[in-house]
Amino acid sequence: MNVAKTMNPMGPSSENCTPSAKERFAHALTLVPEIAQVEARIRSTFRSDVVLMREIPDYLLTLGGKRIRPILSLLCSKALGAEEITPDIIDISAGIELIHMATLMHDDIIDQSPVRRHQPSPYAKFGTPATLLSGDFLLTRAFGLCSKLDQEIIEATEQACIELVEGEALETLLHQDEHSVQKSLTIATRKTASLFKLSAFCAAHLTDSTEETTKAMSLFGEALGIAFQIIDDILDVTSNEATLGKRPGLDIFERKPSLVNMLWLESGDPLAKRLLVAPDPRTEGEYVERALVALRDGPVIQKTKALARQYADAATKELAKALGNDLHNLTPEGEALFAVIDFALERVL
Ligand code: FPP
Ligand code: MG
């Protein structure tokens, strides 16, 4: 939903120059300069007399990333009326990003992924034992930050981490296990949406929101996270190496139960059947190329986009509810949250 027409924080706009979702997202970032404090808090946890336990986390953090989870918790806090960003919000935002970093380290080991954020993954650069232990280190640091907060935050963080592990455990390969579109959505809910939901929940909880608002914010975060994962699955097919930071078609090559792969199998396309067979190194490159040509701009991608839109719409509805359904009087941060949803969708539409 482009609420920029009702309120444009980038300045006056004429009919023809409504800012794009990308511009509105860039503007959103300027509303949360506290992200620098979150970054400093994250770095402050990289303390160890074992050099690798400082070096590997620092390597991953320096590779970049959108920092979408802490940006969400900061924007949600302000949109819900926080007059200032308290140390508690900084701590939980840093903790959530630390958990995310730990999952990426472990995930690259599981997927044996050589590339992360356009560069050698920590696993490729430092090997399995050191990367595995760095993930453990970051997860422990995250719980150090979170354990200073109240019981509800601790329990919600525990629940999100359990869901992350369960989501990853459910994501067995297509030729090893039976999957369905529904199971793929369950995986996305647990392995991706859990931290988005936690970011939004913590912001609502720490700004003393009502139970109803906290629920709506949490559902907003969850639906946005699912939309993000579906969009990631689409980009794996439709984007290119320069944008993705890794080769396109990896979900096909890795036989992942992504939404695109599940809908492709469901379509009955004979080419999709090979997803159910382990990759053959001699002919796999050619198969992935043929699969990408068959899928790009075809009905399977259109169907996946429709699903992403459905979750983005659910996120919009819950966000509007959390912000009191008063779209004509949004704060700049409230508007920025709608821009995050639009920006996610604009990457694939
Ligand atoms: C990326 O998926 C993976 C995740 C979002 C979750 C990974 C979760 C774990 C490894 C469980 C460990 C949990 C904790 C709490 C440390 P992807 O492979 O589809 O995406 P990618 O292309 O970015 O690798
Ligand atoms: Mg992976």
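Readers should treat all values here as calculations from the given coordinates under stated rules, not as data from a laboratory. Here the structure is a predicted model, which means the values were calculated and not measured. Note that we place each Cβ from the backbone using ideal geometry, even for glycine, and neighbour counts take in every protein chain shown.
For this structure, a couple of remarks:
- Close amide-amide hydrogen proximity is noted between residue 115 and 121, each under 5 Å apart and 5 or more residues distant or on a separate chain (H modeled in the peptide plane; Pro and chain starts excluded).
- Sites residue 328 and residue 282, calculated FRET efficiency, Cβ-Cβ separation with R0 51 Å, nearest 0.05: 0.25
- R0 of 35 Å, Cβ-Cβ distance residue 293-residue 132: FRET efficiency to nearest 0.05: 0.40
- Using a cutoff of 8 angstrom between alpha carbon atoms and counting only pairs six or more residues apart, the relative contact order for the chain works out to 23 percent.
- Based on Cα contacts under 8 Å between residues 6+ apart, the stretch 54-165 shows a relative contact order of 29 percent.
- Taking all C-alpha pairs of the chain, those more than 34 Å from each other amount to 26 percent.
- Prolate/oblate/rounded label for the stretch 129-170 (Cα gyration tensor, a/c 1.5): oblate
- Pairs from the list 66/215; 78/215; 78/191; 273/303; 183/256 with a Cα-Cα gap above 21 Å: 66/215; 78/191.
- Within-13-Å neighbourhood charge of residue 345 [Cβ basis; K, R +1; D, E -1]: +1
- Ellipticity estimate at 222 nm from DSSP helix runs (n ≥ 4, -39,500 (n - 2.57)) divided over the chain, nearest 500: -21000 deg cm²/dmol
- From phi via Karplus (6.51, -1.76, 1.60), per-residue ³J(HN,Hα) for the stretch 147-158 in Hz, x at Gly/Pro: 5, 7, 9, 6, 4, 5, 5, 4, 5, 5, 5, 4
- Where GluC sites (Glu not before Pro) fall in DSSP loop in the stretch 44-122, at most 14 other Cβ within 10 Å: 83, 84
- Segments 333-342, 135-144, 302-311, 287-296 sorted - mean Cβ within 10 Å per residue, highest first: 333-342, 135-144, 302-311, 287-296
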